[in-house]
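The values are calculated or read from the model by the stated rules, or taken from the named source; none is laboratory data. Not measured: the values here are computed from a predicted model. Every residue, glycine among them, receives a Cβ derived from its backbone with ideal geometry; neighbour counts consider all protein chains shown.
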Amino acid sequence: MNYEDMLKVGMHFGRKKTVFNPKMKKYVFTIKEGICIIDLFKTESEIKNTAQFMKQILADNGLILFVAITKQSVDSVKKLAESLNMPYVVDRWLGGTLTNFKVISGRVKRLEEMEHEHKSGGLDKYTKKERLMFEREMKKMQTRFGGLRKLTKLPDVVFVSSLKESALPVHEAKIAKIKVIAITNTDANPESVSYAIPANDRSKKSVDLIVETLSNELVR
């Protein structure tokens with residue numbers, strides 16, 4: 001990733017000065033027309049640090065849970081998680097994923113049982129209406145829990161595509177003493193996570209470029 005590419009996708013555009021978090025000061029280059037401008041040299045440095053940390057986690061057979069609950073980050077984050085064979089949550093965080101892990105694991109197990117029953121012809125004993133209801137429930141379960149199949153234990157790290165929009169998963173990770181990596185805009189507190197990547201988290205192109213850069217380092 002080079003500086004020009006980062007500029008092209010607007011990675012340097014932070015949030016308005018009115019919602020600026022003072023703890024992001026070290027990552028802000030200047031304020032222009034009321035908008036915080038992120039220092040992209042620091043962004044580049046933090047991406048490198050993050051990639052090295054994630055590499056080490058993967059080398060140690062650690063587990064990374066990828067969380068993308070903003071629509072602009074779903075596609076790229078899900079793709080990265082799948083390419084690394086890691087668990088993911090997209091669209092909506094399920095409360096208790098980290099703090100009530102046993103219950104979530106039970107729901108994933110139930111989903112797999114339903115899929116097995118569906119594939120093995122176990123629905124033949126049901127009426128047409130019952131089969132339809134079963135399939136609807138299974139699809140709902142797949143949407144909610146499908147990405148968590150690989151979450152066989154509590155993760156070593158949680159990656160969130162937007163710190164500001166991921167208050168609940170970050171809170172749960174803190175309770176569970178799990179390290180967090182976050183793309184962090186100028187309205188968030190970088191001190192609340194282990195690795196902060198200062199960048200525009202509201203632009204799909206910006207998020208995609210960050211995730212693509214991490215992917216180039218991590219996927220082998």
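Which of the helices (runs of 4 or more DSSP H) contained wholly in segment 107-218 include at least 1 residues that are surrounded by 14 or more Cβ atoms within 10 Å (Cβ to Cβ), assigned by TED's automatic domain parsing to the domain that holds ILE35 and small (Gly, Ala, Ser)?
The qualifying helices (runs of 4 or more DSSP H) are 167-175, 204-218.
One line per residue, one yes/no per condition, for (1) over 30 Å from PHE29 (Cβ atoms); (2) in contact with a Pro (Cβ under 9 Å, 6 or more places away or on another chain):
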site	(1), (2)
ARG136	yes, no
THR143	yes, no
LEU148	yes, yes
LEU154	yes, no
ALA182	no, yes
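State whether the residues of segment 95-111 include one that is of a type in the set (Val, Ile, Thr), closer than 22 Å to LEU209 by Cα and in contact (Cβ under 8 Å) with a residue 40 or more places away in the chain. Talk me through it step by step, then tell me what you get.
Here is the first cut: in segment 95-111, the residues of a type in the set (Val, Ile, Thr) are 97, 99, 103-104, 108.
Next, from what is left, pick out any that are closer than 22 Å to LEU209 by Cα: none.
The answer is no, given that none of the residues of segment 95-111 is of a type in the set (Val, Ile, Thr), closer than 22 Å to LEU209 by Cα and in contact (Cβ under 8 Å) with a residue 40 or more places away in the chain.
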